[in-house]
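Remarks on the structure that follows.
The values are calculated or read from the model by the stated rules, or taken from the named source; none is laboratory data. Note that this is a predicted model, so its numbers are computed, not measured. Reconstructed Cβ throughout: ideal geometry from the backbone, glycine too, with neighbour counts over all protein chains shown.
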(Lines give C-alpha, C1' and ligand atoms only; values in the text may rest on other atoms or scores of the structure.)
Protein backbone atom coordinates (compact mmCIF):
# COMPACT_ATOMS: atom_id res chain seq x y z
CA UNK A 1 0.00 0.00 0.00
CA UNK A 2 1.33 3.43 -0.95
CA UNK A 3 1.57 6.31 1.51
CA UNK A 4 -1.46 8.56 1.48
CA UNK A 5 -3.01 11.56 3.21
CA UNK A 6 -6.61 11.18 4.35
CA UNK A 7 -8.70 14.32 3.97
CA UNK A 8 -12.45 14.15 3.46
CA UNK A 9 -13.40 17.75 4.20
CA UNK A 10 -16.97 17.76 2.82
CA UNK A 11 -19.60 17.67 5.55
CA UNK A 12 -22.42 15.27 4.72
CA UNK A 13 -25.86 15.94 6.18
CA UNK A 14 -27.67 12.69 5.46
CA UNK A 15 -31.32 11.84 6.02
CA UNK A 16 -34.75 13.33 6.39
CA UNK A 17 -35.22 17.09 6.92
CA UNK A 18 -31.49 17.82 6.70
CA UNK A 19 -32.38 20.75 4.44
CA UNK A 20 -32.99 22.60 7.72
CA UNK A 21 -29.22 23.12 8.10
CA UNK A 22 -28.91 24.93 4.76
CA UNK A 23 -29.07 28.52 5.96
CA UNK A 24 -26.63 28.09 8.85
CA UNK A 25 -24.17 26.18 6.66
CA UNK A 26 -24.12 28.77 3.88
CA UNK A 27 -23.71 31.50 6.50
CA UNK A 28 -20.83 29.51 8.03
CA UNK A 29 -19.04 29.78 4.69
CA UNK A 30 -19.81 33.52 4.38
CA UNK A 31 -22.36 33.19 1.61
CA UNK A 32 -24.72 36.09 0.96
CA UNK A 33 -25.31 36.02 -2.80
CA UNK A 34 -26.15 32.48 -3.89
CA UNK A 35 -26.26 31.05 -7.40
CA UNK A 36 -28.72 28.15 -7.48
CA UNK A 37 -27.76 25.70 -10.24
CA UNK A 38 -30.31 23.14 -11.40
CA UNK A 39 -31.42 21.15 -14.41
CA UNK A 40 -35.09 20.52 -15.11
CA UNK A 41 -38.14 22.15 -13.58
CA UNK A 42 -38.66 19.09 -11.38
CA UNK A 43 -37.28 20.88 -8.31
CA UNK A 44 -39.87 23.63 -8.81
CA UNK A 45 -42.72 21.21 -9.40
CA UNK A 46 -41.95 19.14 -6.29
CA UNK A 47 -41.50 22.15 -4.01
CA UNK A 48 -37.79 21.77 -3.31
CA UNK A 49 -36.90 25.04 -5.02
CA UNK A 50 -39.42 26.95 -2.87
CA UNK A 51 -38.10 25.27 0.27
CA UNK A 52 -34.57 26.37 -0.57
CA UNK A 53 -35.41 29.93 -1.58
CA UNK A 54 -37.58 30.41 1.52
CA UNK A 55 -34.61 29.41 3.68
CA UNK A 56 -32.32 31.81 1.81
CA UNK A 57 -34.87 34.61 2.27
CA UNK A 58 -35.14 33.88 5.99
CA UNK A 59 -31.37 34.37 6.22
CA UNK A 60 -31.56 37.53 4.12
CA UNK A 61 -29.52 36.01 1.30
CA UNK A 62 -30.18 36.99 -2.30
CA UNK A 63 -30.25 34.29 -4.96
CA UNK A 64 -29.86 33.93 -8.70
CA UNK A 65 -30.59 31.01 -11.01
CA UNK A 66 -28.62 28.99 -13.55
CA UNK A 67 -31.19 26.58 -14.97
CA UNK A 68 -31.55 23.99 -17.75
CA UNK A 69 -28.23 22.29 -17.01
CA UNK A 70 -28.29 19.19 -19.18
CA UNK A 71 -26.99 15.66 -18.60
CA UNK A 72 -23.41 15.64 -19.88
CA UNK A 73 -23.28 19.33 -18.85
CA UNK A 74 -22.13 21.79 -21.48
CA UNK A 75 -19.32 24.32 -21.31
CA UNK A 76 -21.87 26.85 -22.57
CA UNK A 77 -23.80 26.51 -19.29
CA UNK A 78 -20.55 26.92 -17.37
CA UNK A 79 -19.77 30.12 -19.29
CA UNK A 80 -23.26 31.46 -18.62
CA UNK A 81 -22.86 30.76 -14.91
CA UNK A 82 -19.42 32.39 -14.78
CA UNK A 83 -20.74 35.52 -16.48
CA UNK A 84 -23.61 35.72 -14.00
CA UNK A 85 -21.27 35.26 -11.04
CA UNK A 86 -19.02 38.07 -12.20
CA UNK A 87 -21.89 40.41 -13.02
CA UNK A 88 -23.73 39.91 -9.72
CA UNK A 89 -20.65 39.33 -7.55
CA UNK A 90 -21.98 36.01 -6.37
CA UNK A 91 -20.06 34.49 -3.47
CA UNK A 92 -21.60 31.01 -3.07
CA UNK A 93 -22.69 28.26 -5.47
CA UNK A 94 -25.51 25.86 -4.56
CA UNK A 95 -26.05 22.86 -6.86
CA UNK A 96 -29.51 21.29 -6.60
CA UNK A 97 -29.70 18.09 -8.64
CA UNK A 98 -27.57 15.15 -9.68
CA UNK A 99 -23.97 14.81 -10.78
CA UNK A 100 -24.33 16.81 -13.98
CA UNK A 101 -25.62 19.82 -12.09
CA UNK A 102 -22.95 19.47 -9.41
CA UNK A 103 -20.16 19.16 -12.00
CA UNK A 104 -21.39 22.25 -13.82
CA UNK A 105 -21.59 24.17 -10.53
CA UNK A 106 -18.01 23.23 -9.68
CA UNK A 107 -16.77 24.42 -13.06
CA UNK A 108 -18.67 27.68 -12.58
CA UNK A 109 -17.09 28.09 -9.14
CA UNK A 110 -13.62 27.78 -10.66
CA UNK A 111 -14.39 29.92 -13.68
CA UNK A 112 -15.76 32.74 -11.54
CA UNK A 113 -12.26 33.17 -10.09
CA UNK A 114 -10.47 33.04 -13.45
CA UNK A 115 -10.05 35.70 -16.13
CA UNK A 116 -9.93 33.31 -19.10
CA UNK A 117 -12.24 30.71 -20.63
CA UNK A 118 -13.20 27.96 -18.11
CA UNK A 119 -12.59 25.30 -20.80
CA UNK A 120 -8.89 26.00 -20.17
CA UNK A 121 -9.18 23.97 -16.97
CA UNK A 122 -10.20 20.91 -18.96
CA UNK A 123 -7.58 21.13 -21.71
CA UNK A 124 -4.69 21.60 -19.30
CA UNK A 125 -4.23 25.20 -20.37
CA UNK A 126 -4.30 26.25 -16.73
CA UNK A 127 -4.94 24.77 -13.30
CA UNK A 128 -7.68 25.72 -10.88
CA UNK A 129 -6.06 27.99 -8.33
CA UNK A 130 -9.13 29.36 -6.62
CA UNK A 131 -12.86 28.66 -6.57
CA UNK A 132 -16.01 29.98 -4.96
CA UNK A 133 -17.43 27.73 -2.24
CA UNK A 134 -19.83 25.07 -3.52
CA UNK A 135 -22.51 23.06 -1.74
CA UNK A 136 -25.03 20.53 -2.99
CA UNK A 137 -28.56 19.40 -2.37
CA UNK A 138 -28.48 15.99 -4.01
CA UNK A 139 -31.43 14.53 -5.93
CA UNK A 140 -29.80 11.51 -7.65
CA UNK A 141 -27.59 8.62 -6.55
CA UNK A 142 -24.89 8.19 -9.18
CA UNK A 143 -21.69 10.17 -9.49
CA UNK A 144 -20.40 10.82 -5.98
CA UNK A 145 -19.75 14.41 -7.05
CA UNK A 146 -21.25 15.57 -3.76
CA UNK A 147 -18.05 14.61 -1.91
CA UNK A 148 -15.22 14.80 -4.41
CA UNK A 149 -13.27 17.40 -6.38
CA UNK A 150 -14.11 16.06 -9.84
CA UNK A 151 -16.06 17.76 -12.61
CA UNK A 152 -16.76 16.44 -16.12
CA UNK A 153 -17.87 18.85 -18.85
CA UNK A 154 -18.77 18.42 -22.54
CA UNK A 155 -17.81 20.86 -25.29
CA UNK A 156 -19.95 20.42 -28.40
CA UNK A 157 -17.87 22.97 -30.31
CA UNK A 158 -14.97 20.51 -30.45
CA UNK A 159 -16.99 17.33 -29.73
CA UNK A 160 -15.07 16.56 -26.56
CA UNK A 161 -15.75 15.61 -22.95
CA UNK A 162 -13.12 16.12 -20.29
CA UNK A 163 -12.60 16.09 -16.55
CA UNK A 164 -10.83 18.26 -14.03
CA UNK A 165 -9.88 17.02 -10.55
CA UNK A 166 -8.75 19.20 -7.67
CA UNK A 167 -9.46 19.38 -3.91
CA UNK A 168 -10.39 23.03 -4.46
CA UNK A 169 -13.67 21.87 -6.01
CA UNK A 170 -14.78 19.61 -3.18
CA UNK A 171 -18.15 20.82 -1.87
CA UNK A 172 -18.09 22.48 1.53
CA UNK A 173 -21.17 20.47 2.49
CA UNK A 174 -23.78 18.27 0.87
CA UNK A 175 -27.35 17.63 1.92
CA UNK A 176 -28.35 14.07 1.04
CA UNK A 177 -32.01 13.40 1.77
CA UNK A 178 -33.07 10.11 0.15
CA UNK A 179 -36.62 11.46 -0.19
CA UNK A 180 -35.37 13.86 -2.88
CA UNK A 181 -34.53 10.83 -5.03
CA UNK A 182 -38.02 9.29 -4.88
CA UNK A 183 -39.10 10.93 -8.14
CA UNK A 184 -36.06 9.83 -10.17
CA UNK A 185 -37.33 7.79 -13.16
CA UNK A 186 -36.49 4.08 -13.39
CA UNK A 187 -34.07 4.53 -16.30
CA UNK A 188 -32.06 7.18 -14.48
CA UNK A 189 -32.08 5.12 -11.28
CA UNK A 190 -30.69 2.21 -13.27
CA UNK A 191 -28.06 4.35 -14.98
CA UNK A 192 -27.06 5.77 -11.60
CA UNK A 193 -26.68 2.26 -10.19
CA UNK A 194 -24.35 1.36 -13.06
CA UNK A 195 -22.34 4.55 -12.49
CA UNK A 196 -21.88 3.69 -8.80
CA UNK A 197 -20.68 0.21 -9.67
CA UNK A 198 -18.37 1.49 -12.39
CA UNK A 199 -16.68 3.88 -9.97
CA UNK A 200 -16.03 0.92 -7.71
CA UNK A 201 -14.70 -1.22 -10.57
CA UNK A 202 -12.26 1.50 -11.59
CA UNK A 203 -10.71 1.28 -8.12
CA UNK A 204 -11.19 -2.46 -7.56
CA UNK A 205 -9.16 -3.34 -10.65
CA UNK A 206 -5.57 -2.10 -10.53
CA UNK A 207 -2.08 -3.33 -11.19
CA UNK A 208 -0.84 -3.05 -7.60
CA UNK A 209 -0.68 -5.91 -5.12
CA UNK A 210 -4.14 -6.59 -3.74
CA UNK A 211 -5.13 -4.54 -0.69
CA UNK A 212 -7.48 -6.69 1.35
CA UNK A 213 -9.41 -3.93 3.14
CA UNK A 214 -10.15 -1.81 0.08
CA UNK A 215 -11.10 -4.87 -1.96
CA UNK A 216 -13.67 -5.96 0.61
CA UNK A 217 -15.05 -2.41 0.89
CA UNK A 218 -15.42 -2.36 -2.89
CA UNK A 219 -17.27 -5.66 -2.87
CA UNK A 220 -19.63 -4.47 -0.13
CA UNK A 221 -20.58 -1.37 -2.11
CA UNK A 222 -21.09 -3.44 -5.26
CA UNK A 223 -23.39 -5.79 -3.35
CA UNK A 224 -25.29 -2.81 -1.93
CA UNK A 225 -25.83 -1.29 -5.38
CA UNK A 226 -26.96 -4.65 -6.78
CA UNK A 227 -29.37 -5.16 -3.89
CA UNK A 228 -30.81 -1.65 -3.68
CA UNK A 229 -30.83 -0.53 -7.32
CA UNK A 230 -33.53 -3.01 -8.40
CA UNK A 231 -35.51 -2.34 -5.21
CA UNK A 232 -35.51 1.40 -5.88
CA UNK A 233 -36.67 0.78 -9.45
CA UNK A 234 -39.46 -1.57 -8.32
CA UNK A 235 -40.57 0.65 -5.43
CA UNK A 236 -39.41 4.25 -5.97
CA UNK A 237 -40.43 5.43 -2.48
CA UNK A 238 -38.64 2.64 -0.61
CA UNK A 239 -36.72 4.91 1.76
CA UNK A 240 -34.16 2.34 2.91
CA UNK A 241 -33.31 1.24 -0.63
CA UNK A 242 -32.94 4.85 -1.76
CA UNK A 243 -30.88 5.69 1.33
CA UNK A 244 -28.45 2.80 0.90
CA UNK A 245 -28.08 3.55 -2.82
CA UNK A 246 -27.46 7.24 -2.11
CA UNK A 247 -24.79 6.56 0.51
CA UNK A 248 -23.19 3.91 -1.71
CA UNK A 249 -22.89 6.58 -4.40
CA UNK A 250 -21.05 8.88 -2.01
CA UNK A 251 -18.68 6.19 -0.71
CA UNK A 252 -17.90 4.90 -4.19
CA UNK A 253 -16.08 8.06 -5.22
CA UNK A 254 -15.03 10.14 -2.22
CA UNK A 255 -11.38 8.87 -2.30
CA UNK A 256 -11.98 6.25 0.41
CA UNK A 257 -11.71 3.24 -1.91
CA UNK A 258 -8.65 4.50 -3.76
CA UNK A 259 -6.23 5.24 -0.94
CA UNK A 260 -2.93 3.39 -1.24
CA UNK A 261 -2.91 2.58 -4.96
CA UNK A 262 -3.83 3.90 -8.41
CA UNK A 263 -7.06 2.77 -10.02
CA UNK A 264 -7.61 1.89 -13.67
CA UNK A 265 -10.14 4.42 -15.08
CA UNK A 266 -9.89 3.24 -18.68
CA UNK A 267 -13.62 2.42 -18.92
CA UNK A 268 -14.47 6.00 -17.97
CA UNK A 269 -12.00 7.33 -20.52
CA UNK A 270 -13.65 5.23 -23.23
CA UNK A 271 -17.19 6.10 -22.17
CA UNK A 272 -16.44 9.82 -22.03
CA UNK A 273 -15.34 9.57 -25.65
CA UNK A 274 -18.53 7.67 -26.51
CA UNK A 275 -20.85 10.20 -24.87
CA UNK A 276 -18.89 13.14 -26.29
CA UNK A 277 -19.79 11.88 -29.75
CA UNK A 278 -23.32 10.67 -29.00
CA UNK A 279 -24.55 12.49 -25.85
CA UNK A 280 -25.41 9.06 -24.45
CA UNK A 281 -26.43 8.78 -20.80
CA UNK A 282 -23.20 8.10 -18.92
CA UNK A 283 -24.46 5.06 -16.99
CA UNK A 284 -25.87 3.48 -20.14
CA UNK A 285 -22.51 3.85 -21.87
CA UNK A 286 -20.72 2.32 -18.89
CA UNK A 287 -23.12 -0.64 -18.92
CA UNK A 288 -22.11 -1.37 -22.51
CA UNK A 289 -18.36 -0.75 -22.23
CA UNK A 290 -17.61 -2.41 -18.86
CA UNK A 291 -18.24 -6.07 -19.78
CA UNK A 292 -16.46 -5.60 -23.13
CA UNK A 293 -13.45 -4.11 -21.32
CA UNK A 294 -13.40 -6.94 -18.79
CA UNK A 295 -13.45 -9.62 -21.49
CA UNK A 296 -10.62 -7.88 -23.34
CA UNK A 297 -8.22 -7.26 -20.43
CA UNK A 298 -8.64 -10.47 -18.43
CA UNK A 299 -5.68 -12.85 -18.67
CA UNK A 300 -3.71 -15.27 -16.51
CA UNK A 301 -1.85 -12.43 -14.77
CA UNK A 302 -4.95 -10.72 -13.40
CA UNK A 303 -7.52 -13.53 -13.18
CA UNK A 304 -7.42 -13.40 -9.37
CA UNK A 305 -9.35 -10.17 -9.00
CA UNK A 306 -11.96 -11.17 -11.58
CA UNK A 307 -12.26 -14.52 -9.78
CA UNK A 308 -12.80 -12.73 -6.45
CA UNK A 309 -15.51 -10.60 -8.05
CA UNK A 310 -17.25 -13.69 -9.41
CA UNK A 311 -17.12 -15.57 -6.11
CA UNK A 312 -17.68 -12.77 -3.60
CA UNK A 313 -20.17 -10.59 -5.47
CA UNK A 314 -21.92 -12.76 -8.05
CA UNK A 315 -22.00 -16.01 -6.09
CA UNK A 316 -20.23 -18.17 -8.66
CA UNK A 317 -19.38 -21.48 -7.01
CA UNK A 318 -15.82 -22.19 -5.93
CA UNK A 319 -14.00 -25.18 -7.30
CA UNK A 320 -14.37 -24.20 -10.91
CA UNK A 321 -11.42 -23.37 -13.11
CA UNK A 322 -10.47 -19.83 -12.05
CA UNK A 323 -10.66 -18.41 -15.56
CA UNK A 324 -13.97 -20.13 -16.21
CA UNK A 325 -15.40 -18.80 -12.95
CA UNK A 326 -14.13 -15.29 -13.70
CA UNK A 327 -15.78 -15.36 -17.13
CA UNK A 328 -19.04 -16.45 -15.51
CA UNK A 329 -18.82 -13.44 -13.20
CA UNK A 330 -18.43 -11.10 -16.17
CA UNK A 331 -21.44 -12.71 -17.87
CA UNK A 332 -23.44 -12.28 -14.65
CA UNK A 333 -22.54 -8.58 -14.54
CA UNK A 334 -23.65 -8.05 -18.15
CA UNK A 335 -26.93 -9.85 -17.38
CA UNK A 336 -27.47 -7.70 -14.27
CA UNK A 337 -27.05 -4.50 -16.27
CA UNK A 338 -29.50 -5.78 -18.87
CA UNK A 339 -32.00 -6.70 -16.13
CA UNK A 340 -31.85 -3.09 -14.95
CA UNK A 341 -32.97 -2.02 -18.43
CA UNK A 342 -29.58 -0.91 -19.68
CA UNK A 343 -28.46 -1.51 -23.29
CA UNK A 344 -25.96 -4.26 -24.12
CA UNK A 345 -24.53 -2.90 -27.39
CA UNK A 346 -23.46 0.46 -28.83
CA UNK A 347 -25.55 -0.23 -31.90
CA UNK A 348 -28.68 -0.20 -29.71
CA UNK A 349 -28.08 3.44 -28.69
CA UNK A 350 -27.45 4.82 -32.16
CA UNK A 351 -23.67 4.62 -32.40
CA UNK A 352 -22.56 3.98 -35.99
CA UNK A 353 -19.77 1.59 -36.86
CA UNK A 354 -17.88 4.34 -38.70
CA UNK A 355 -17.76 6.35 -35.45
CA UNK A 356 -15.72 3.77 -33.56
CA UNK A 357 -12.33 4.92 -34.83
CA UNK A 358 -13.13 8.53 -33.91
CA UNK A 359 -14.19 7.45 -30.42
CA UNK A 360 -11.03 5.35 -29.98
CA UNK A 361 -8.83 8.30 -30.95
CA UNK A 362 -10.58 10.51 -28.41
CA UNK A 363 -10.23 7.91 -25.65
CA UNK A 364 -6.51 7.21 -26.31
CA UNK A 365 -5.22 10.11 -28.43
CA UNK A 366 -1.52 9.53 -27.66
CA UNK A 367 -0.82 8.19 -24.17
CA UNK A 368 -2.29 4.81 -23.15
CA UNK A 369 -5.18 4.60 -20.70
CA UNK A 370 -5.61 2.16 -17.82
CA UNK A 371 -3.35 0.58 -15.22
CA UNK A 372 -4.57 -3.02 -14.95
CA UNK A 373 -3.57 -3.30 -18.60
CA UNK A 374 -2.38 -0.32 -20.63
CA UNK A 375 -4.67 0.29 -23.57
CA UNK A 376 -3.54 2.02 -26.74
CA UNK A 377 -5.68 3.14 -29.66
CA UNK A 378 -5.79 -0.35 -31.22
CA UNK A 379 -6.86 -1.89 -27.91
CA UNK A 380 -9.63 0.64 -27.37
CA UNK A 381 -10.87 0.14 -30.91
CA UNK A 382 -11.08 -3.64 -30.34
CA UNK A 383 -13.08 -3.08 -27.13
CA UNK A 384 -15.46 -0.76 -28.97
CA UNK A 385 -15.86 -3.27 -31.78
CA UNK A 386 -16.66 -5.99 -29.25
CA UNK A 387 -19.20 -3.65 -27.61
CA UNK A 388 -20.83 -2.80 -30.94
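For the stretch 140-209, give me every one of the strands (runs of 3 or more DSSP E) that falls completely inside it and has 1 or more residues that are over 10 Å from the mean Cα position of the chain (by Cα) and free of Cβ contacts under 8 Å to residues at least 40 places away in the same chain. Before you say what the answer is, go through the steps one by one.
Details: elements: 150-155, 160-165, 173-176.
Counting at least 1 such residues, we get 160-165.
Of all residues being touching a strand residue (DSSP E or B) at 6+ places or on another chain (Cβ under 9 Å) and in contact (Cβ under 8 Å) with a residue 24 or more places away in the chain in the stretch 52-62, which is farthest from residue 92 (Cα to Cα)? Just the residue, please. I'd like the intermediate steps shown before the answer.
Taking the stretch 52-62 and keeping what is touching a strand residue (DSSP E or B) at 6+ places or on another chain (Cβ under 9 Å), we get 52-53, 56-57, 61-62.
Now restrict to residues that are in contact (Cβ under 8 Å) with a residue 24 or more places away in the chain: 52, 56, 61-62.
Values: 52: 14, 56: 12, 61: 10, 62: 10 Å.
Per the criteria, the residue is 52.
Give me the residue from the stretch 159-193 that is out of contact with any strand residue (DSSP E or B) (no Cβ under 9 Å at 6 or more places or on another chain) and over 22 Å from residue 239 (Cβ atoms) and, out of that set, surrounded by the most Cβ atoms within 10 Å (Cβ to Cβ). Don't jump to the end; show me each part of the working.
Residues of the stretch 159-193 that are out of contact with any strand residue (DSSP E or B) (no Cβ under 9 Å at 6 or more places or on another chain), as a first pass: 159, 167-168, 179, 182-193.
Applying the additional criterion that residues be over 22 Å from residue 239 (Cβ atoms) yields 159, 167-168.
Working: 159: 13, 167: 11, 168: 17.
Applying the filter and picking the extreme gives 168.
For residue 171, all conditions in the list (1) in the same structural domain as residue 371 (by TED's automatic domain parsing); (2) at pLDDT 95 or above hold save one; what is the number of the exception?
Looking at each condition in turn, residue 171 falls short on (1).
From the list 81, 39, which residue is touching a strand residue (DSSP E or B) at 6+ places or on another chain (Cβ under 6 Å), at pLDDT 95 or above and part of a loop (DSSP other than H, G, I, E, B)? Give the derivation first.
On the way: 81 fails: part of a loop (DSSP other than H, G, I, E, B).
Of the residues listed, the single one that is touching a strand residue (DSSP E or B) at 6+ places or on another chain (Cβ under 6 Å), at pLDDT 95 or above and part of a loop (DSSP other than H, G, I, E, B) is 39.
Is there a residue in the stretch 222-243 that is under 24 Å from residue 1 (Cα atoms) and in a helix (DSSP H, G or I)? Reasoning before the result, please.
Restricting attention to the stretch 222-243, the residues satisfying the condition of being under 24 Å from residue 1 (Cα atoms) are 222.
Among the residues that remain, those that are also in a helix (DSSP H, G or I) are: 222.
Yes, the stretch 222-243 contains a residue that is under 24 Å from residue 1 (Cα atoms) and in a helix (DSSP H, G or I).
Given the structure, is residue 222 buried (at least 22 other Cβ atoms within 10 Å of the Cβ), at pLDDT 95 or above and touching a strand residue (DSSP E or B) at 6+ places or on another chain (Cβ under 6 Å)? Don't jump to the end; show me each part of the working.
Working: buried (at least 22 other Cβ atoms within 10 Å of the Cβ): yes; at pLDDT 95 or above: yes; touching a strand residue (DSSP E or B) at 6+ places or on another chain (Cβ under 6 Å): no.
No; evaluated as a whole, the condition is false for this residue.
Out of everything in the stretch 304-321 that is assigned to a loop (DSSP other than H, G, I, E, B) and modelled with pLDDT of 95 or more, what residue ends up being nearest to residue 205 (Cα to Cα)?
Going through the stretch 304-321, the residues assigned to a loop (DSSP other than H, G, I, E, B) turn out to be 313-321.
Right, trim to modelled with pLDDT of 95 or more and you get 313-316.
Details: 313: 14, 314: 16, 315: 19, 316: 19 Å.
The extreme case among them is 313.
The rows are residues; the columns are (1) over 30 Å from residue 283 (Cα atoms); (2) assigned to a helix (DSSP H, G or I).
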{"residue": "25", "(1), (2)": "yes, yes"}
{"residue": "31", "(1), (2)": "yes, no"}
{"residue": "55", "(1), (2)": "yes, yes"}
{"residue": "63", "(1), (2)": "yes, no"}
{"residue": "69", "(1), (2)": "no, no"}
{"residue": "95", "(1), (2)": "no, no"}
{"residue": "107", "(1), (2)": "no, yes"}
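Output the qualifying pairs, or none if there are none: Cβ atoms under 7 angstrom, residues six or more apart or on different chains, first residue in the stretch 356-377 and outside the structural domain of residue 264 (by TED's automatic domain parsing) and modelled with pLDDT under 95, second residue crowded, with 19+ Cβ neighbours inside 10 Å and outside any helix (DSSP H, G or I).
From residues that are outside the structural domain of residue 264 (by TED's automatic domain parsing) and modelled with pLDDT under 95, there are no pairs.
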